[in-house]
Amino acid sequence: MPPFDLNRLATGGSLSLTRPTLAHFIARDDELARRAADVLGWVADGTLTITVGGRYPLAAAPRAHDDLQSRRTTGKLLLIP
């Protein structure tokens, strides 16, 4: 996504930009634990599959970050200790 000049919002009326986080949707620890258990269950039973796009030794974390930031990856990246 190209950079966006936030000042452009000021000329368009009552516009705003938000960046929701998990805390906006899950307020309590017990709810987070329940939902995490649901997701991990889906992974375990094959309902949800995860694409591993790369494995990097922990010492190569800067390279993994650069690959991710440069959009040279797909899926999840694993750092292996």
*asked:* List pairs: first residue in segment 1-14 and within 25 Å of residue 69 (Cβ to Cβ), second residue part of a loop (DSSP other than H, G, I, E, B) and of a type in the set (A, V, I, L, M) anywhere in the structure, Cβ distance under 9 angstrom, at least six positions apart or on different chains.
replied: 4/17; 6/17; 8/15
*So which residues in segment 41-60 are exposed (fewer than 11 other Cβ atoms within 10 Å of the Cβ) and either without any contact (Cβ under 8 Å) to a residue 24 or more places away in the chain or polar (S, T, N, Q) (or both), if there are any at all?*
44, 45, 46, 47, 49, 51, 58, 59
*asked:* Can you pull out every residue in segment 31-81 that is in a helix (DSSP H, G or I), in contact with a strand residue (DSSP E or B) (Cβ under 9 Å, 6 or more places away or on another chain) and of a type in the set (A, V, I, L, M, F, W, C)?
replied: 58, 60, 61, 64, 68
*Go through segment 15-30 and give me each residue that's among the charged types (D, E, K, R), in a loop (DSSP other than H, G, I, E, B) and farther than 28 Å from residue 5 by Cα.*
28
*Determine which single condition residue 26 fails, assuming it passes every other condition in (1) out of contact with any Ser or Thr (no Cβ under 9 Å at 6 or more places or on another chain); (2) surrounded by 10 or more Cβ atoms within 10 Å (Cβ to Cβ); (3) modelled with pLDDT of 95 or more.*
(3)
*Inspect segment 61-81 for any residue being surrounded by fewer than 10 Cβ atoms within 10 Å (Cβ to Cβ) and touching a helix residue (DSSP H, G or I) at 6+ places or on another chain (Cβ under 6 Å) and give the result as yes or no.*
yes
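The values are calculated or read from the model by the stated rules, or taken from the named source; none is laboratory data. Please read all numbers here as calculations on a predicted model, not as lab measurements. Cβ coordinates were reconstructed from backbone atoms using ideal geometry, including for glycine residues, and neighbour counts include every protein chain displayed.
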